[in-house]
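Below is one structure; the comments refer to it alone.
The values are calculated or read from the model by the stated rules, or taken from the named source; none is laboratory data. Small disclaimer: the values here were computed from a predicted structure and weren't measured. Because the Cβ atoms are built from the backbone with ideal geometry, glycine has one as well, and the counts that use them run over all protein chains shown. Ligands, DNA and RNA are excluded from the accessible area calculation, which covers all protein heavy atoms including side chains. Shrake-Rupley method; radii C 1.70, N 1.55, O 1.52, S 1.80 Å.
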Amino acid sequence: MDRRRFYMKMKGLFVTLILLCLQLSFASTGSNYGNNIKNITVVTEPTGEGQKMSAVIIEYRKNIRNSSLTNTSFEVTGRTVEKIYANNKADKSARGRNGRFVIIELSKKDENALVYNQVKNDISKKEIKLETVQKRNIVFTDGRNTLSKTPLVNNKVINSIVDKFVQKEFTDEKTGETIKYNLYLPEGYSKNKKYPLLVFVHDAGVLSEETDMTLLQGSGATVWAMPEFQKKYKTIVLAPQYSQATTGSGNEGNDSKVEAFKNLVENIQNEYSVDKKRTYSAGQSMGTMLTINANIKYPYLFAASLFIAGQWDAQQMKAIYGKNMWIVVSEGDIKAFPGMNESTKLMSENGGIVIHETWKGNDTSENIKEKTEKMAAADANIKYVSLEKGTVVPQGKEDNPPNNHMYTWKLFYDPENFKEIREWLFKENK
């Protein structure tokens with residue numbers, strides 16, 4: 001090959017390489033949306049019913065004039081748009097301001113807002129993709145207009161709170177059991193400081209090999225990692241993920257699984273800077289059953305517990321009459337309600353101090369706060385709240401026993417509900 005042909009070939013290869021690099025660069029920066037848009041992000045956030053797609057954020061390359069936006073500037077296919085405004089950061093705001101980001105807030109009441117599918121006992125993640133269509137011109141701060149005529153599909157996802165958990169796996173040498181789990185460490189975590197530990201265990205409806213499913217199906221784990229709670233109580237959160245039931249339908253415990261659960265908790269206590277005197281358990285349904293069983297077998301493990309929508313053999317449960325606990329069940333729950341009535345009766349007869357009240361599940365937050373503070377101050381280590389039938393299941397849903405069971409924890413762990421009971425937990429010490 002002569003020198004001229006060699007240089008021509010090398011020049012061709014160089015041009016090809018440059019074009020490839022530019023193509024990759026454009027793809028990575030979202031330039032496939034055109035010259036004006038850089039990225040489109042779907043934001044999800046926790047609710048009592050599960051993680052929901054709550055916003056679309058469009059990032060432009062130049063500042064948008066907030067006054068040029070209205071609630072009809074964009075449509076999101078299949079979703080209800082509640083609010084549209086500009087912002088100078090990729091986050092929701094109480095009011096709009098000029099900035100590179102257009103925030104499209106979506107209704108969390110939409111049936112297709114959930115980021116998971118559940119059919120009977122099968123649960124799986126959805127592909128988090130939303131199509132956004134611009135309907136009106138919007139104006140940059142330099143006075144130029146922009147209108148994207150093609151539907152825009154997100155290239156990024158932010159799962160609020162969920163993304164702050166890491167997924168890990170624990171193999172217990174003593175039992176041979178392997179437990180997948182999610183772990184949240186507080187912002188600014190330091191080994192030189194002791195932190196409380198909250199252990200949350202999910203229900204049987206979210207049994208899965210996917211480690212983060214418990215974080216998506218409800219807010220029983222994520223509610224403790226939210227900024228409002230962490231501001232008051234910087235807490236480590238542990239949320240195991242089970243693929244098989246940890247207890248039987250007849251309240252018979254699986255000794256191997258409850259021992260492995262205890263060993264997982266102790267492993268976290270030893271590996272991280274945990275205050276063992278402020279280690280707490282919370283659960284729902286199957287998770288409540290597992291944590292009750294753990295309290296019975298290992299009474300030193302938890303300083304206090306929340307038993308939500310669950311029950312256990314009353315003859316066994318009476319052994320923990322001296323433990324600090326707050327019980328919440330629905331009167332329409334045909335297992336948990338009679339089960340906890342019998343258990344609290346026997347715990348009281350055995351020496352426990354029980355206070356039992358009936359509340360309305362749909363009561364105002366102010367009334368619930370007042371009742372919680374009164375009950376928390378009462379000289380009783382066992383706080384028992386039964387939610388009146390007809391006040392738990394939302395309108396439009398059949399008020400049957402399964403729904404009374406499930407909506408007990410959907411109500412209780414909703415970030416806006418029963419905050420004071422969750423805070424009570426962290427005021428208890430061994």
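Here are the numbers for this structure:
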quantity: Helix axis angle, 3-28 relative to the chain longest principal axis, alpha carbon, degrees; calculated: 40
quantity: Listed residue pairs exceeding 29 Å between alpha carbons, taken from Lys257/Lys335; Lys109/Lys369; Lys369/Lys397; Lys318/Lys397; calculated: Lys318/Lys397
quantity: For segment 211-323, alpha-carbon Rg relative to the globular expectation (2.2 N^0.38 Å, N residues); calculated: 1.06
quantity: Size of charge dipole - the chain - debye, nearest 20, with Cβ of Lys, Arg +1 and Asp, Glu -1, no other charges; calculated: 2660
quantity: Under the Karplus curve 6.51 cos²θ - 1.76 cosθ + 1.60, θ = phi - 60°, whole-Hz ³J(HN,Hα) for segment 220-237, x wherever Gly or Pro sits; calculated: x, 9, 6, 4, 7, 9, 6, x, 4, 6, 5, 4, 8, 9, 5, 9, 7, 10
quantity: Solvent-accessible surface (1.4 angstrom probe) belonging to Lys232, in square angstrom, nearest 10; calculated: 130
quantity: For segment 88-139 and segment 155-190, distance of Cα centres in Å; calculated: 25
quantity: Cα centroid of segment 366-402 to Cα centroid of segment 289-359, whole Å; calculated: 15
quantity: Beta bridges by DSSP in the chain, antiparallel share as percent, to the nearest 5; calculated: 55
quantity: Cα-projected label distance for Glu366 with Lys345, points at 7 Å along beta-carbon direction, nm; calculated: 3.8
quantity: Solvent-accessible heavy-atom area per residue, rounded to whole Å², over the chain at 1.4 Å; calculated: 48
quantity: Distance histogram for the chain (every C-alpha pair counted, 20 angstrom bins, percent rounded to whole numbers); calculated: 24, 47, 23, 6, 1, 0
quantity: The chain: relative contact order as a whole-number percent, Cα under 8 Å and 6+ apart; calculated: 12
quantity: Segment 40-45 - phi-based ³J(HN,Hα) in whole Hz, Karplus 6.51/-1.76/1.60, Gly and Pro as x; calculated: 10, 10, 9, 10, 10, 8
quantity: Size of electric dipole in segment 292-369: Cβ of Lys, Arg +1 and of Asp, Glu -1, about Cα centre, debye, nearest 20; calculated: 260
quantity: Among Phe229, Val258, Ser243 - extreme Cα towards positive end, dipole of segment 178-280, charges at beta-carbon; calculated: Phe229
quantity: Listed peptides 218-231, 90-103 by packing density, highest first (mean Cβ within 10 Å); calculated: 218-231, 90-103
quantity: The chain, accessible surface, carbon-and-sulfur percent (1.4 angstrom probe); calculated: 48
quantity: Distribution of pairwise C-alpha distances over segment 27-107, 10 Å bins, in %; calculated: 19, 50, 28, 4
quantity: Positive-pole candidate from Tyr407, Gln217, Gly78, dipole of the chain, charges at beta carbon; calculated: Gly78
quantity: Using alpha-carbon coordinates, inclination of helix 286-297 to the longest axis of the chain, degrees; calculated: 50
quantity: Extent along principal axes [Cα atoms of segment 332-420; Å; largest to smallest]; calculated: 43, 29, 17
quantity: Debye, to nearest 20: dipole size of segment 199-358, +1 on Lys, Arg Cβ, -1 on Asp, Glu Cβ; calculated: 600
quantity: Cα long-axis angle, helix 401-412 against the chain (0 to 90 degrees, to the nearest 10); calculated: 70
quantity: Cα-projected label distance for Lys335 with Lys232, points at 7 Å along beta-carbon direction, nm; calculated: 3.1
quantity: By accessible area with a 1.4 Å probe, ligands and nucleic acids excluded, highest first: order of Tyr280, Tyr233; calculated: Tyr233, Tyr280
quantity: Net +/- balance of residues flanking Asn71 in space, Cβ distance below 12 Å, scoring K and R +1, D and E -1; calculated: 0
quantity: Amide H contacts of Lys125 (H built 1.01 Å from N, under 5 Å, at least 5 apart or other chain); calculated: Asn117
quantity: Listed residues Val201, Asn36, Phe165: farthest to the positive end of the dipole of the chain (Cβ charges); calculated: Asn36
quantity: Rg [Å, one decimal], Dmax [Å, integer] - segment 181-248, C-alpha atoms; calculated: 13.0, 41
quantity: Candidate residues His202, His356, His405: accessible-area rank, largest first, probe 1.4 Å; calculated: His356, His405, His202
quantity: Point-to-point label distance, Ser124-Gln315, nm (Cα→Cβ direction, 7 Å offset); calculated: 4.4
quantity: Mean projected area in nm² (Cα convex hull; one quarter of hull surface) for segment 87-207; calculated: 13.3
